[in-house]
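Shown next, in structure tokens, is the structure this report addresses.
None of the figures in this text is laboratory data; all of them are computed from the coordinates on show. What you are looking at is a predicted structure, and each value in this text was computed from that prediction instead of being measured. Because the Cβ atoms are built from the backbone with ideal geometry, glycine has one as well, and the counts that use them run over all protein chains shown.
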Amino acid sequence: MGSPLVESQVGAKPNLEVFSSTLQELAETDKDIVAVTSDSRGSGKLVPFGKKYPKQIVEIGIAEQNLVGVAAGLASAGKKAFAVSPACFLTARALEQIKNDVAYSDNPVRLIGISAGVSYGALGSTHHSLHDYAALRAINNLIVAAPADNYETEQAIKLAAASNKPLYLRFGKKNMPLLTTDEEVPFQFGKGRVICKGSDLTFIACGETVYPALQAAEKLRNEQGIEATVISMHTIKPLDKVLLQEIAESTGAIITVEEHSIYGGLGEACASFLLQNQYNKPFKIVGIPDEYTVTGSQVEILDHYGISKEGLSNTALKLLGKM
Amino acid sequence: MTENELAQKSNQYRQRILKYIVGANAGHTGGSLSCIDILNVLYNYTLNVSPQNFSSPDRDRYIQSKGHCVEALFVVLADKGFFPEEDLNTLCKYQSHYIGHPTKKVKGVEQNTGALGHGLPISVGNALAAKMDEKDFRVFTLMGDGELPEGSNWEAALTAAHYKLDNLCAIIDKNSLQITGSTADVCNTDPIDEKFESFGWAVKHVDGHDLKALKEAFDSLPFEAGKPSLVIAHTVKGKGVSFMENQISWHHGVPSKEQYADALKELSEAL
């Protein structure tokens, strides 16, 4: 395993800022790009976009159902609509619009869930989105993805703008370190990104949880001599079954990590595939248990539920029978 | 098309609606009969949409928010040549594209609808795109009065007025009945005109079975520059078949063989 973390890059931008700057860059030449917001241009980092391209931003006000419905109408009339709203509201309040107006009607809206997972921290469970993967995975014709770092974010936005498919992208608010890999392959939805390789176990993570998984892998290697593979499985649907099959055959154990309920998300998606494909080695889903979370900042909440360097390292040791 | 020819269309459409509902042994009979005159005028007089221009970005858009009355839409689309009318013999049958709500698998259908309160927001998006691209197509959406309590309608009504979408026309098929009872008893939305006017819309009332009045209303769009337009079409649920008119049981009642014969007889005599 090489050194996946470059210290000077720790503290890179929040993915959301990269979303905004990438969209702004694309909007310069593509006048069909439209940002649709629900009083969310500030939290979506779209204030500069709105100032530069006032004709390419549509403010809906706080009305998420309408946000998605209008975005579907814009998309069906040829606009590349990016509907930007806090993930908690976008994927719960407007779920029927996502299902019918976007996915079922095949209107290529780019749904951007911001401040996702427990990014809002102590604002509490009304503002947490721990259901979105589960809810959206069950809807046909919708790509569901959570980029891990600034690189994946930029690539995902560019691909989203270029493709003509309904999709949901989920972003948190934290500064995300750039992840480097030994051999970078072009970013594609539905193709997981191997950040580092090791044969003892595999962390399969997505979004902002890839970084703590990587930290845990480093800790395990340095302190225990345990070699872990870390995968950014940025696309929860469609899942990279080819990569999963490879991992199933080569690894000693699998731990999935997500900032989402342990029900219905990345972990259960992987479990479903693995169980149906003769995987019989240790397996553990790490996420938020079935409860309204403890009060705290995002980091405190994740730490509380073991989504941290320490917590994931301990989970790995237990799973391998070494603790 | 002369006034008389247009009136004959409505009558023929009513007969076909009943034919295919009987064939499918399912359908929204009362509402399809209440909105068919509106659809007749839209497709045979007002809309710039045809099988030939359906893929043109400049075509007018018609989105049926009250998707359950799909039988009315399907018979009109068939008549306009979007697909062969005999396709409707498969309505609601195993593996047919012709399901009980509008679907884009059927040529001529703009959006998959059926869940209520969705047509207006999508129409607002279409109308907004037209304004952004400086295109002059118009957007029409047909809503039922029973779907007005859906909050998404009012969200979209605000947006339509905020963006001064005078290329948008919503039509309410106000037959005053829904599955549980009268709309006034279930959840009173009157006065609809004052509500929409206060939201920034221009509103006209029309007899929804008066073809001439419907034509005139659509000819006068937009009712006011810079405002979205609302046509409140006063209709009769089950219109044209006396034993169905204003009877809630015909919301999705399917005629028996005898009732179907009686209905056809009445409609034929009215031709």
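Counting only DSSP beta bridges with both residues in the range A:13-176, what percent are antiparallel, rounded to the nearest 5?
The antiparallel proportion sits near 10 percent.
Past 24 Å, Cα to Cα: identify those pairs from A:Lys45/A:Lys241; B:Lys174/B:Lys215; A:Lys165/A:Lys197; A:Lys219/A:Lys284, in the order given.
Values: A:Lys45/A:Lys241 34 Å; B:Lys174/B:Lys215 17 Å; A:Lys165/A:Lys197 32 Å; A:Lys219/A:Lys284 19 Å.
From the list (A:Lys45/A:Lys241; B:Lys174/B:Lys215; A:Lys165/A:Lys197; A:Lys219/A:Lys284), the Cα-Cα distance tops 24 Å for A:Lys45/A:Lys241; A:Lys165/A:Lys197.
Mind checking the alpha-carbon convex hull of the range B:231-271 and giving the volume per residue in Å³? Write down the numbers at each step before the final one.
On the way: hull volume 3.2 nm³, N = 41.
Convex hull of Cα atoms, per residue: 78 Å³.
What FRET efficiency would be calculated for the residue pair A:Asn164, A:Glu96, taking the C-beta separation as r and a Förster radius of 22 Å, to the nearest 0.05? Let's see the in-between values first.
Working: r = 23 Å, r/R0 = 1.03.
Plugging the Cβ-Cβ distance into 1/(1 + (r/R0)^6) gives 0.45.
Quick one: of A:Lys51/B:Lys195; A:Lys80/B:Lys135; A:Lys174/A:Lys318; A:Lys191/A:Lys322; B:Lys105/B:Lys195; A:Lys281/A:Lys322, which pairs are farther than 26 Å apart, Cα to Cα?
Details: A:Lys51/B:Lys195 34 Å; A:Lys80/B:Lys135 17 Å; A:Lys174/A:Lys318 29 Å; A:Lys191/A:Lys322 32 Å; B:Lys105/B:Lys195 36 Å; A:Lys281/A:Lys322 15 Å.
Over 26 Å apart, Cα to Cα: A:Lys51/B:Lys195; A:Lys174/A:Lys318; A:Lys191/A:Lys322; B:Lys105/B:Lys195.
Grab the Cα-Cα distance for B:Glu197 and B:Asn4, subtract it from 0.36 nm times how many residues apart they are, and report the gain in nm with one decimal.
On the way: separation 193, 0.36 × 193 = 69.48 nm, distance 3.44 nm.
That pair, B:Glu197 and B:Asn4, stretches by 66.0 nm at full extension.
Along its three principal axes, how long is chain B when you only count alpha carbons? Whole Å, largest extent first please.
Taking the Cα atoms of chain B, the three principal extents are 52, 44, 38 Å.
Can you give me the distance in nm between label points at B:Asp133 and A:Lys241, each placed 7 Å from the Cα along the Cα-to-Cβ direction?
Each label point lies 7 Å from its Cα, and together they span 3.7 nm.
From the C-alpha gyration tensor of chain A, pull out the three semi-axes of the equivalent ellipsoid (sqrt of 5λ each), sorted largest to smallest, in whole Å. Let's see the in-between values first.
Values: eigenvalues 212, 74, 70 Å².
Equivalent ellipsoid of chain A: 33, 19, 19 Å, largest first.
With labels modelled as points extended 7 Å from the Cα through the Cβ direction, what inter-label distance (nm, one decimal) is found for B:Thr180 paired with B:Glu224?
For B:Thr180 paired with B:Glu224, the spin-label model returns 3.3 nm.
Could you work out the mean count of beta carbons from other protein chains within 10 Å of each residue's beta carbon in A:94-107? Mind dumping the intermediate values first?
Working: counts 2, 0, 4, 6, 0, 1, 8, 10, 0, 1, 7, 10, 3, 5.
Per residue, the number of nearby Cβ atoms from other chains is 4 on average.
Using only Cα atoms, what Kirkwood radius does the range A:149-188 have, in angstroms? Working shown, then result.
On the way: mean 1/r = 0.0863 Å⁻¹.
Averaging 1/r across every pair of different Cα atoms and inverting gives 11.6 Å.
Per residue of B:146-155, count partner chain C-beta atoms within 10 Å of its C-beta, then hand back the mean as an integer. Present the calculation step by step, with values, prior to reporting the outcome.
On the way: counts 0, 0, 0, 0, 1, 3, 10, 3, 2, 11.
Shielding by partners across B:146-155 averages 3.
In units of 2.2 N^0.38 Å, what is the alpha-carbon radius of gyration of the range B:98-138? All intermediate terms of the calculation are to be shown ahead of the outcome.
Details: Rg = 12.2 Å, N = 41, 2.2 N^0.38 = 9.0 Å.
Ratio of Cα Rg to 2.2 N^0.38 Å: 1.35.
Count neighbours as other Cβ atoms within 10 Å of each site's Cβ, and list the GluC sites (Glu not before Pro) in the range A:229-323 that are DSSP loop with at most 11 such neighbours.
Numbers: sites: A:Glu246, A:Glu249, A:Glu258, A:Glu259, A:Glu268, A:Glu291, A:Glu300, A:Glu310; in loops: A:Glu291.
Filter output for the range A:229-323: A:Glu291.
Going by alpha carbons, how many degrees (0 to 90, nearest 10) lie between the helix axis of A:210-224 and the longest principal axis of chain A?
The helix A:210-224 is inclined about 10 degrees to chain A.
I need the Kirkwood Rh of the range B:173-271: take the reciprocal of the average 1/r across all distinct C-alpha pairs and report it in angstrom. Spell out each step's value before the answer.
Working: mean 1/r = 0.0643 Å⁻¹.
The Cα-based Kirkwood calculation yields 15.6 Å.
Is the C-alpha gyration tensor of the range A:113-191 telling us rounded, prolate or oblate? Criteria: a/c under 1.5 is rounded; beyond that, a/b larger than b/c is prolate, otherwise oblate. List each step's numbers first, then the result.
On the way: a/c = 2.29, a/b = 1.24, b/c = 1.84.
Here the range A:113-191 falls in the oblate category.
Using only Cα atoms, find the angle between the long axis of helix A:15-29 and the longest principal axis of chain A, and express it within 0 to 90 degrees, rounded to the nearest 10.
Tilt of helix A:15-29: around 40 degrees.
Taking 56 Å as R0, compute the FRET efficiency from the Cβ-Cβ separation of B:Lys93 and A:Thr180 and round it to 0.05.
Numbers: r = 57 Å, r/R0 = 1.02.
The formula returns an efficiency of 0.45 here.
Calculate log10 I(q)/I(0) of the range B:1-51 for q = 0.19, 0.31 Å⁻¹, where I(q) comes from the Debye formula with a single equal point scatterer on each Cα and nothing for solvent.
-0.67, -1.13
List residues of the range A:285-320, by number, whose backbone nitrogen lies under 15 Å from a label position 7 Å along Cα→C-beta of A:Glu223.
From the range A:285-320, the list is A:306-320.
Using only Cα atoms and rounding to the nearest 10 degrees, what angle (0 to 90) does helix A:150-162 make with the longest principal axis of chain A?
The angle comes out near 40 degrees.
What is the percent of Cα-Cα separations in the protein assembly as shown that go past 34 Å? Can you show the working numbers first?
Numbers: 82956 of 176121 pairs.
Across the protein assembly as shown, Cα pairs with separations above 34 Å total 47 percent.
Computed FRET efficiency, Cβ-Cβ of B:Glu258 and B:Ser56, R0 45 Å: what is it to the nearest 0.05?
Numbers: r = 46 Å, r/R0 = 1.02.
For R0 = 45 Å, the calculated efficiency reads 0.45.
At a 10 Å Cβ-Cβ cut-off, how would you order A:Leu169, A:Leu123, fewest neighbours first? Walk me through the numbers before you get to the answer.
On the way: A:Leu169 30, A:Leu123 13.
In increasing order of surrounding Cβ atoms, one gets A:Leu123, A:Leu169.
Can you pull the percent of Cα pairs in the range A:13-176 with separation above 19 Å? Kindly include the intermediate steps, with their values, before the conclusion.
On the way: 6361 of 13366 pairs.
Everything past 19 Å amounts to 48 percent.
In Å and on Cα atoms, what radius of gyration and Dmax does the range A:169-323 show?
Expressed in Å, the Cα Rg and Dmax of the range A:169-323 come to 14.4, 40.
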